[in-house]
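This report concerns only the one structure given below.
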Amino acid sequence: MEKLYVAGGRKLSGEIGVHGSKNAVLPILAAAILTDEEVVLHNCPALSDVENMRRILAHIGCRSRREGESLIIDPSGADGWELPERLAGRLRSSITMLGAMLGRFARARLALPGGCDIGLRPIDLHIKAMSGLNVAIYEDGGSIFCDARNIRGADIHLDYPSVGTTENVMMASVRAFGTTVITNAAKEPEITDLQNFLNSMGARVFGAGTGTIIIHGVSRLHGTEYTVMSDRIVAGTLLVAGAITGSRITLERVHKEHLASVIAKLREGGSTFEFGDATVTVDPPERSLSVGLVETLPYPGFPTDMQAQMTALQAVSVGTCIVVENVFENRFRYCAELRKMGANITVKNRVAVVGGVQRLQGTAVSSCDLRGGAALVLAGLIADGITTIGDVQYIDRGYYRIEDMLSALGADIRRTTETV
Ligand code: UD1
């Protein structure tokens, strides 16, 4: 079983490039099957979620090969439209295969999707939106079967701006007859990346990044070469690594506008920033101030995927902070692990009250989901002594060799394989 060992107390310094975005590359990989010509994708880190998505593509006959950070995808032989539980269950994003398979094969059967256990994660919004496109849906035990032979463009209003549902509607409708208008669409930058990717294949999609997305159906899409955006959550995590250790560091290959809500909170804590062409430098105080309130919201609000990392920073800041999780209902489990390190955190339902302490103590802790695991690594950077973090496989879903990134900045962190 792999663990991370972190010896706390080291200052960080220097520059680090941020890898490609997990949440952008996963739907883009699904969308690659909407053409039967070659797709070349750059900036695709070998995250375990990305490799699992490639397994899903391989299962339906879509071949891909990796050349460093690039993936060369050959969707010409794709002919499968069924995803079994053993594949779909590993990855919440397997749900975006629904829209992609309907767009390519006009039918799909998939087992209900998996992912980190951070809440109920139902798919009712996806189902309702597909019905709105005139897709017939049959539920059958643990799987759903969709028939899109009569799919047509339609006005789709989302009750909630769900990221995955917005992506699914875009993919299902991009080759459907007529125009689809999504209102109350998710505005996340990854939606814009999907739009740009689809348009590079000849699609006619407009409005991503706003609440209204317009998709004019086209009869075919062609192959493309595309570079995936950089990962704003990895960037945010690294900025917090700087802030929690009181260290000035510079991130390269970042879009500062994607980080606005995180930068605003770090500024409230006393950090200052410098911006260059695709670079962000954080210059934090020796010990940050508590920011008072962190409330997660859909983009451009504070991201739920940064909630745990920001809570780790609040745990050692000066003052008390209230953290409210509005997006997922079960995203505070890592707080029990932070408490083992001496953090003063009380959780009640979707609210955590974090009283900043002077010091944390290194001890043995375990990740229980991706971002919660990252929060434990951040806490380890500042804790006295050694922190060992188990269940690293959660962290590997979204951070490519987190120990290498942090070591490059001067942290004392390494991965070990222990037999148990
Ligand atoms: C995506 C991101 C995830 C991020 C989340 C919110 C990917 C691969 N994952 O997840 O990292 O945390 O956006 O920014 O891009 N919901 C329903 N019914 C549905 C669909 C969603 O109730 O049919 C609820 C979810 O349970 C959750 C909320 O809506 O409470 C947000 O979910 P959604 O925006 O769909 O997130 P994902 O696309 O799953």
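The values are calculated or read from the model by the stated rules, or taken from the named source; none is laboratory data. Since the structure is predicted, the reported quantities are computational estimates derived from the model, not experimental observations. Because the Cβ atoms are built from the backbone with ideal geometry, glycine has one as well, and the counts that use them run over all protein chains shown. Surface accessibility is based on the protein's heavy atoms, side chains included, excluding ligands, DNA and RNA. Shrake-Rupley method; radii C 1.70, N 1.55, O 1.52, S 1.80 Å.
For the stretch 1-50, which residues satisfy the criterion of being farther than 22 Å from residue 108 by Cβ, open to solvent by 10 Å² or more (accessible area, probe 1.4 Å) and under 17 Å from the mean Cα position of the chain (by Cα)?
19, 22, 43, 46, 48
Return yes or no: is residue 325 acidic (Asp, Glu) and closer than 27 Å to residue 248 by Cα?
Working: acidic (Asp, Glu): yes; closer than 27 Å to residue 248 by Cα: no.
The answer is no for residue 325.
Evaluate the following for residue 4: is it at pLDDT 95 or above, touching a helix residue (DSSP H, G or I) at 6+ places or on another chain (Cβ under 7 Å) and part of a loop (DSSP other than H, G, I, E, B)? Talk me through it step by step, then tell me what you get.
Values: at pLDDT 95 or above: yes; touching a helix residue (DSSP H, G or I) at 6+ places or on another chain (Cβ under 7 Å): yes; part of a loop (DSSP other than H, G, I, E, B): no.
No, not satisfied.
In the stretch 356-407, which residues are closer than 17 Å to residue 307 by Cβ and not aliphatic (A, V, I, L, M)?
Here is the first cut: in the stretch 356-407, the residues closer than 17 Å to residue 307 by Cβ are 356, 367-379, 394-395, 397-399.
Hits for the stretch 356-407 are 356, 367, 368, 369, 371, 372, 373, 394, 397, 398, 399.
Hey, could you check the stretch 217-238 for residues that are assigned to a loop (DSSP other than H, G, I, E, B) and open to solvent by 10 Å² or more (accessible area, probe 1.4 Å) and say which is nearest to residue 180 (Cα to Cα)? Walk me through how you get there before you give the answer.
Start the filter on the stretch 217-238 by keeping residues that are assigned to a loop (DSSP other than H, G, I, E, B), which leaves 217-223, 228-229, 231.
Of the ones still in play, those that are also open to solvent by 10 Å² or more (accessible area, probe 1.4 Å) are 217-220, 222-223, 229.
Working: 217: 8, 218: 12, 219: 14, 220: 16, 222: 21, 223: 23, 229: 25 Å.
So the residue we want is 217.
Take the stretch 65-81 and flag every residue that is outside any loop (DSSP other than H, G, I, E, B) and not basic (Lys, Arg). Give the steps one after another, and end with the answer.
First, the residues of the stretch 65-81 that are outside any loop (DSSP other than H, G, I, E, B): 65-67, 70-77.
The answer is 67, 70, 71, 72, 73, 74, 75, 76, 77.
Do we have any residue at all in the stretch 176-184 that's open to solvent by 20 Å² or more (accessible area, probe 1.4 Å) and either within 16 Å of the ligand (Cβ to nearest atom) or closer than 14 Å to residue 26 by Cα (or both)? Steps first, please.
The initial filter retains those residues of the stretch 176-184 that are open to solvent by 20 Å² or more (accessible area, probe 1.4 Å), namely 177-179, 181, 183-184.
Add one more test, that the residue is either within 16 Å of the ligand (Cβ to nearest atom) or closer than 14 Å to residue 26 by Cα (or both), and what stays is 183-184.
So far as the stretch 176-184 goes, yes, one or more of its residues are open to solvent by 20 Å² or more (accessible area, probe 1.4 Å) and either within 16 Å of the ligand (Cβ to nearest atom) or closer than 14 Å to residue 26 by Cα (or both).
Working carefully through the options 214, 191, find the one that is touching a strand residue (DSSP E or B) at 6+ places or on another chain (Cβ under 9 Å) and surrounded by 24 or more Cβ atoms within 10 Å (Cβ to Cβ).
Numbers: 214 fails: surrounded by 24 or more Cβ atoms within 10 Å (Cβ to Cβ).
Just one listed residue meets the conditions, 191.
Looking for whichever is under 21 Å from residue 26 (Cα atoms) and open to solvent by 20 Å² or more (accessible area, probe 1.4 Å) here; the options are 141, 132, 207. Which one fits?
Numbers: 141 fails: under 21 Å from residue 26 (Cα atoms); 132 fails: under 21 Å from residue 26 (Cα atoms).
Matching residue, one of 141, 132, 207: 207.
For the stretch 407-420, what are the residues that are surrounded by fewer than 21 Cβ atoms within 10 Å (Cβ to Cβ) and not acidic (Asp, Glu)? If you could, list the steps in order and put the result at the bottom.
Keep residues of the stretch 407-420 that are surrounded by fewer than 21 Cβ atoms within 10 Å (Cβ to Cβ), which gives 407-408, 410, 412, 414-420.
Matches in the stretch 407-420: 407, 408, 410, 414, 415, 416, 417, 419, 420.
From 37, 85, 15, which residue is away from the ligand (no atom under 16 Å from the Cβ), in the same structural domain as residue 239 (by TED's automatic domain parsing) and in contact (Cβ under 8 Å) with a residue 12 or more places away in the chain? Don't jump to the end; show me each part of the working.
Values: 37 fails: in the same structural domain as residue 239 (by TED's automatic domain parsing); 85 fails: in the same structural domain as residue 239 (by TED's automatic domain parsing).
Going through 37, 85, 15 in turn, just one is away from the ligand (no atom under 16 Å from the Cβ), in the same structural domain as residue 239 (by TED's automatic domain parsing) and in contact (Cβ under 8 Å) with a residue 12 or more places away in the chain: 15.
Does residue 394 satisfy being touching a Pro at 6+ places or on another chain (Cβ under 9 Å) and in the same structural domain as residue 335 (by TED's automatic domain parsing)?
no
Considering only residues of the stretch 85-105 that are in a loop (DSSP other than H, G, I, E, B) and in contact with a helix residue (DSSP H, G or I) (Cβ under 8 Å, 6 or more places away or on another chain), which is surrounded by the most Cβ atoms within 10 Å (Cβ to Cβ)?
Taking the stretch 85-105 as the starting set, the residues that turn out to be in a loop (DSSP other than H, G, I, E, B) are 89-91.
With in contact with a helix residue (DSSP H, G or I) (Cβ under 8 Å, 6 or more places away or on another chain) added as a condition, the list becomes 90-91.
Details: 90: 19, 91: 24.
Of everything passing the filter in the stretch 85-105, 91 is surrounded by the most Cβ atoms within 10 Å (Cβ to Cβ).
Run residue 154 past the list (1) open to solvent by less than 30 Å² (accessible area, probe 1.4 Å); (2) within 13 Å of the ligand (Cβ to nearest atom) and report the number of the one that doesn't hold.
(2)
For residue 174, work out the one condition from (1) touching a Leu at 6+ places or on another chain (Cβ under 6 Å); (2) over 23 Å from residue 40 (Cα atoms) it doesn't fulfil.
Status for residue 174: all satisfied but (2).
From the list 301, 372, 390, 319, pick out the single residue that is at pLDDT 95 or above and closer than 20 Å to residue 246 by Cβ. Don't jump to the end; show me each part of the working.
Working: 301 fails: closer than 20 Å to residue 246 by Cβ; 372 fails: closer than 20 Å to residue 246 by Cβ; 390 fails: closer than 20 Å to residue 246 by Cβ.
Checking each option against the conditions leaves just 319.
Which residue, of 173, 219, 230, is touching a residue at least 24 places away in the same chain (Cβ under 8 Å), within 16 Å of the ligand (Cβ to nearest atom) and either polar (S, T, N, Q) or not assigned by TED's automatic domain parsing to the domain that holds residue 34 (or both)? If you could, list the steps in order and put the result at the bottom.
Working: 173 fails: within 16 Å of the ligand (Cβ to nearest atom); 219 fails: within 16 Å of the ligand (Cβ to nearest atom).
Every option except 230 fails the conditions.
Identify, by number, the condition in (1) assigned to a strand (DSSP E or B); (2) among the hydrophobic types (A, V, I, L, M, F, W, C); (3) open to solvent by 10 Å² or more (accessible area, probe 1.4 Å) that residue 260 doesn't meet.
(1)
I need every pair where a residue in the stretch 138-166 that is in contact (Cβ under 8 Å) with a residue 60 or more places away in the chain has its Cβ under 6 Å from the Cβ of a residue that is open to solvent by 30 Å² or more (accessible area, probe 1.4 Å) and within 13 Å of the ligand (Cβ to nearest atom), sequence separation at least 6 or different chains.
161/184; 161/298
Any idea which of 396, 404 is in a helix (DSSP H, G or I), out of contact with any helix residue (DSSP H, G or I) (no Cβ under 9 Å at 6 or more places or on another chain) and surrounded by fewer than 24 Cβ atoms within 10 Å (Cβ to Cβ)? I'd like the intermediate steps shown before the answer.
Details: 396 fails: out of contact with any helix residue (DSSP H, G or I) (no Cβ under 9 Å at 6 or more places or on another chain).
When all the criteria are applied, what remains is 404.
Any idea how many residues of the stretch 18-64 are touching a helix residue (DSSP H, G or I) at 6+ places or on another chain (Cβ under 9 Å), outside any loop (DSSP other than H, G, I, E, B) and farther than 22 Å from residue 163 by Cα?
5
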